[in-house]
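Accompanying notes for the structure given below.
The values are calculated or read from the model by the stated rules, or taken from the named source; none is laboratory data. These figures come from a predicted structure and were not determined experimentally. Neighbour counts run over all protein chains shown; Cβ positions are idealised from the backbone, glycine included. Heads up: the accessible areas ignore ligands, DNA and RNA and are worked out on the full protein's heavy atoms, side chains in. Shrake-Rupley method; radii C 1.70, N 1.55, O 1.52, S 1.80 Å.
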Amino acid sequence: MYLVVGLGNPEKKYFNTFHNMGFMCVDRLADKLGVAFDKCECKSVTAHARVNGQKVIIAKPVTYMNLSGQAVVELTNKYKIEKGNLIVVYDDVDIPIGNLRIRHNGSAGTHNGMRNIVQLLGTSDFPRVRIGIGKDTPMSLMDYVLSQVTDPDREALNPVFDSAAAALHEFVNGTPLDQVMQKHNIK
């Protein structure tokens, strides 16, 4: 069984912001798998699919970003998800826009949602997909991540979403993460 969690903020005003890259990416995965986010559970909206005989839960926490760990812990406990079968998708200001980094594990960096997940899970040893949003502006970090994605930025991000959704699909299909990383990391 796999759990794929996209991070974002639940209110409509945040839907097209840089901080909702995780939501946008898992929306693409759900479309690819032909499933809808039609269940509310564990402080999340979820979509359930089967891939290669394995159950896959795709989740978007309805907590705010900084409390994402609450949803992740509840889901991992409810479904008894092994840490290697949890993968989290989120925005990363330390990576240039248009880049994609998939890793086995790592620190939470400057991302408060990931900090909360790591703190509440008690480990940073789980895969993650980081979508680069860069930050080449004097705007504060909070204002930047909550700003609307422009059309040029969307053009740069669309191929990243496609590659990230394909990578997630391969991961839940049982492809070893090293192979997924080799194929889909975009620098």
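In region 119-134, of all residues being farther than 15 Å from Val93 by Cα and surrounded by fewer than 22 Cβ atoms within 10 Å (Cβ to Cβ), the one that is farthest from the chain's Cα centre (by Cα) corresponds to Gly122. Does region 178-186 contain any residue that is touching a helix residue (DSSP H, G or I) at 6+ places or on another chain (Cβ under 6 Å), at pLDDT 95 or above and open to solvent by 30 Å² or more (accessible area, probe 1.4 Å)? Within region 178-186, none of the residues are touching a helix residue (DSSP H, G or I) at 6+ places or on another chain (Cβ under 6 Å), at pLDDT 95 or above and open to solvent by 30 Å² or more (accessible area, probe 1.4 Å). If you go through region 88-116 and keep only what is open to solvent by 40 Å² or more (accessible area, probe 1.4 Å) and either part of a strand (DSSP E or B) or among the hydrophobic types (A, V, I, L, M, F, W, C) (or both), you end up with Ile97, Arg101, Arg103. Suppose we filter region 76-87 for residues that are on the phi < 0 side of the Ramachandran plot and either in a loop (DSSP other than H, G, I, E, B) or in contact with a Lys or Arg (Cβ under 6 Å, 6 or more places away or on another chain) (or both); how many remain? Counting residues in region 76-87 that are on the phi < 0 side of the Ramachandran plot and either in a loop (DSSP other than H, G, I, E, B) or in contact with a Lys or Arg (Cβ under 6 Å, 6 or more places away or on another chain) (or both) gives 2. Of the listed requirements (1) in a loop (DSSP other than H, G, I, E, B); (2) open to solvent by less than 30 Å² (accessible area, probe 1.4 Å), Thr137 misses just one: (2). Just one of the listed residues (Val56, Val73) is assigned to a strand (DSSP E or B), among the aliphatic types (A, V, I, L, M) and either modelled with pLDDT of 95 or more or in contact with a Ser or Thr (Cβ under 8 Å, 6 or more places away or on another chain) (or both), namely Val56.
Residue selection: Asp27 satisfies the criterion of being within 14 Å of the chain's Cα centre (by Cα), charged (D, E, K, R) and open to solvent by 40 Å² or more (accessible area, probe 1.4 Å).
State whether one or more residues within region 56-65 are more than 22 Å from Leu157 (Cα to Cα) and either hydroxyl-bearing (Ser, Thr, Tyr) or over 15 Å from the mean Cα position of the chain (by Cα) (or both). Yes, the conditions are met somewhere in region 56-65. Annotation note: of Ala47, Ala36, the sole residue that is out of contact with any His (no Cβ under 9 Å at 6 or more places or on another chain), under 22 Å from His169 (Cα atoms) and in a loop (DSSP other than H, G, I, E, B) is Ala36. Scan region 69-87 for residues that are open to solvent by 20 Å² or more (accessible area, probe 1.4 Å) and either within 11 Å of the chain's Cα centre (by Cα) or among the aliphatic types (A, V, I, L, M) (or both) and jot them down. The answer is Val73, and nothing else.
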